[in-house]
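Structure record follows, encoded as structure tokens.
Values quoted throughout were computed directly from the atomic coordinates according to the rules given, and no laboratory measurement underlies them. Computed from a prediction, not measured in an experiment: that's the story for all the values here. Backbone-built Cβ (ideal geometry, glycine too); neighbour counts: all protein chains shown.
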Amino acid sequence: MPTPPSHRPQASAAELVDRARALVEAAGGRRVLLGLVGAPGAGKSTLAGQLVSALGAELPGGAALVGMDGFHLAQATLDRWGRADRKGAPDTFDAGGYVALLRRLRARDEDVVHAPEFRRDLEEPVGSAVPVPREASLVVTEGNYLLLDGPWAPVRELLDEVWFLAPAEDLRLQRLVARHEAFGKAPEAALAWSHGPDQANADVVLATARRADLVVQLRG
């Protein structure tokens, strides 16, 4: 198993909000695409929501949140291709579709771009669920594989910064098991999935931390 990054400066959510604000100010009117990456249960979606909530009202044109998970392949496709038992692995996503979306968001030449989202209550992606208006000056995107090679490689160059979230492993696993239980898995099944397929994916993600602009452990 890859060792989590050893140098993990701690930061509060408020300090990261300040860093995101500074990125937008330094961009001089250009849209900023900020990526949050980390292993399953690292807290990516929580921090992404905090950033957008804190900055949405004050930034020119507001801020938007677009998740990589919207590009999960449909369950029927995973079943047909024999990949359902490792849902969440890199090849269970439409990486090319995600790259294409980021290019559209970077170009900023459409009145609105409609991004998909992943619905955990359905365990399915829902298309065109997240409108991103041209005016939005900050787009936060979060997911596991923003720093991966192969079909994911173009993602890194499309993002202004990528922050790798590296909580303590016991906390990450605790969150992950609780999340699976909250969305319907029995405790034994939640534990097995977290330590099985999810851990295999976490190992892949942890190996990409060195490519991030910031590796951080949230405090408070």
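Applying the criteria of a DSSP loop state and at most 16 other Cβ atoms within 10 Å to the GluC sites (Glu not before Pro) of region 1-86 yields Glu58.
Derived scalar couplings between HN and Hα for region 156-166 equal 4, 6, 8, 9, 6, 9, 10, 10, 9, 8, 10 Hz in order, rounded to whole Hz, by the Karplus curve 6.51 cos²θ - 1.76 cosθ + 1.60 (θ = phi - 60°), x for Gly and Pro.
Highest average first, the peptides 178-185, 68-75, 192-199 ordered by how many other beta carbon atoms sit within 10 Å of their residues are 68-75, 192-199, 178-185. Coordinate range of the alpha-carbon atoms in region 104-220 per principal axis, descending: 48, 34, 34 Å.
Counted over the chain, the DSSP beta bridges are approximately 30% antiparallel.
Net charge in the neighbourhood of Gly43 (other residues with Cβ under 12 Å of its Cβ; Lys, Arg +1, Asp, Glu -1) is +4. Working note: Debye formula, equal point scatterers on the alpha-carbon atoms of region 1-115, no solvent; log10 I(q)/I(0) at q = 0.18 Å⁻¹ is -1.10.
Taking amide H as placed 1.01 Å from N in the peptide plane, Glu124 has its amide H under 5 Å from the amide H of Arg119, each at least 5 places away in sequence or on another chain. Rg/Rh for the chain (Cα atoms only, Rh after Kirkwood) is 0.95.
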